[in-house]
Amino acid sequence: MTDPNLVYTYAVLRRTPEATAAVTHLRGVAGEPVHLVDPAEGTPQLSFAVGHVPAADYDETPLKAHLDDLDWLESTVRSHHAVVAALVGCGAAVLPLRLATVYHDEDRARQALDTRRDYFLSLLHRLTGHVELGVKIYATPDITPPEADTGAGQEQPTGLGAGRAYLSIRRRRQRRNEEAWRRVAQAAAHLTETAATLAVDRVAHSPQRGSLAGPGPGTNVGNDAYLVPAGRVDAFRTGILAAAEGVPGLRVEVTGPWAPYSFALQPEPEPAA
């Protein structure tokens, strides 16, 4: 009989007594118990943290439909992150996997651990002792001309004079706006340089728009992730906020620390020809 469930993988980690104990209390994206799966062969240096989830939700076709459901997606992301965060919290070296990484059965998951053992171990070695911090940069220039520019409180010109006055106001507004954006761009570049001196790696994500950009004011012009030694988190946060202080039209958010999602699975090297 075909198993109606798929194997949902949350993370790669080194099997330790602490990690083994941590998963016994975890529930995953479908409310399922989480457990560790070891490689099919050899010493279990690595394990997958996995759970069994219904194929009716996580097979390719239904999953594509679910990913368009923002409520379902938010709930799944939160549950996935909760499992990874619990593993990180127990002190394990954790390589978080992408959302909805599934295998048809545990045998295939074990084979993946065997096949990519060296790759996973090298990434775990690189990320151990590091966390991810996010830096979002927002441009919030004030492009509204002062009252003196609009002639507020004065008699407004009419006819041809009104048209010329309107065009003049538009040109002044545009010049001020362009200058404000130049200042913000320069400050953002300086901030990125500062962050690079405090981190060991950076991933530049696309700026966010709409509800993803958050409730605060401004346009998201920078959305970067930084790999930072765990002991340098406070220095990184302090340095970034200090670099942004006092710059008109610039707002910065530093988020985290998180498990290093942005640095976990880099493109696997192509085999030598």
Answer residue from segment 114-140, given it is out of contact with any Leu (no Cβ under 9 Å at 6 or more places or on another chain) and acidic (Asp, Glu) and is most open to solvent (accessible area, probe 1.4 Å) among those:
Asp118
So how many residues does segment 227-267 have that are assigned to a strand (DSSP E or B) and open to solvent by less than 50 Å² (accessible area, probe 1.4 Å)?
8
Options Arg126, Arg98: the member that is over 23 Å from Asn5 (Cβ atoms) and basic (Lys, Arg):
Arg126
Matching residues, segment 21-49, being within 27 Å of the chain's Cα centre (by Cα) and open to solvent by 40 Å² or more (accessible area, probe 1.4 Å):
His25, Arg27, Ala30, Gly31, Pro33, His35
Looking for something under 15 Å from Val29 (Cα atoms), surrounded by 12 or more Cβ atoms within 10 Å (Cβ to Cβ), charged (D, E, K, R) and touching a helix residue (DSSP H, G or I) at 6+ places or on another chain (Cβ under 9 Å) - is there at least one such residue anywhere in segment 56-71?
yes
Do we find a residue being touching a residue at least 24 places away in the same chain (Cβ under 8 Å), assigned to a helix (DSSP H, G or I) and among the aromatic types (Phe, Trp, Tyr) anywhere in segment 43-51?
no
Does Arg108 fit the bill of being assigned to a helix (DSSP H, G or I), among the charged types (D, E, K, R), over 24 Å from His25 (Cβ atoms) and at pLDDT 90 or above?
yes
Restricting to segment 230-263, name every residue that is touching a Gly at 6+ places or on another chain (Cβ under 6 Å) and either within 26 Å of Val84 (Cβ to Cβ) or modelled with pLDDT of 90 or more (or both).
Ala230, Thr255, Gly256
Quick check, is Arg78 within 30 Å of Pro257 (Cβ to Cβ) and charged (D, E, K, R)?
yes
Being under 16 Å from the mean Cα position of the chain (by Cα) and open to solvent by 20 Å² or more (accessible area, probe 1.4 Å) is the filter here; which residues of segment 83-99 pass it?
Ala85, Arg98, Leu99
Among all residue pairs at least 6 apart or on different chains, which show Cβ distances below 6 Å where the first residue, located in segment 228-252, is over 12 Å from Ala195 (Cβ atoms) and the second is open to solvent by less than 50 Å² (accessible area, probe 1.4 Å) and part of a helix (DSSP H, G or I)?
Val247/Ala187; Gly249/Ala180; Gly249/Val184; Leu250/Val184; Leu250/Ala187; Leu250/Ala244
Within segment 60-98, track down each residue that is within 17 Å of Leu13 (Cβ to Cβ), among the hydrophobic types (A, V, I, L, M, F, W, C) and at pLDDT below 90.
Val88, Cys90, Ala92, Ala93, Val94
Please work out if Gln174 is at pLDDT below 90 and open to solvent by 60 Å² or more (accessible area, probe 1.4 Å).
yes
Conditions (1) part of a helix (DSSP H, G or I); (2) more than 21 Å from the chain's Cα centre (by Cα); number of the one not met by Glu74:
(2)
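The values are calculated or read from the model by the stated rules, or taken from the named source; none is laboratory data. The structure displayed is predicted, hence computed values, not measured ones. Here Cβ is always computed from backbone atoms with ideal geometry, including for glycine, and neighbour counts include all displayed protein chains. Just the protein is used for accessible areas: all its heavy atoms, side chains included, with ligands, DNA and RNA removed. Shrake-Rupley method; radii C 1.70, N 1.55, O 1.52, S 1.80 Å.
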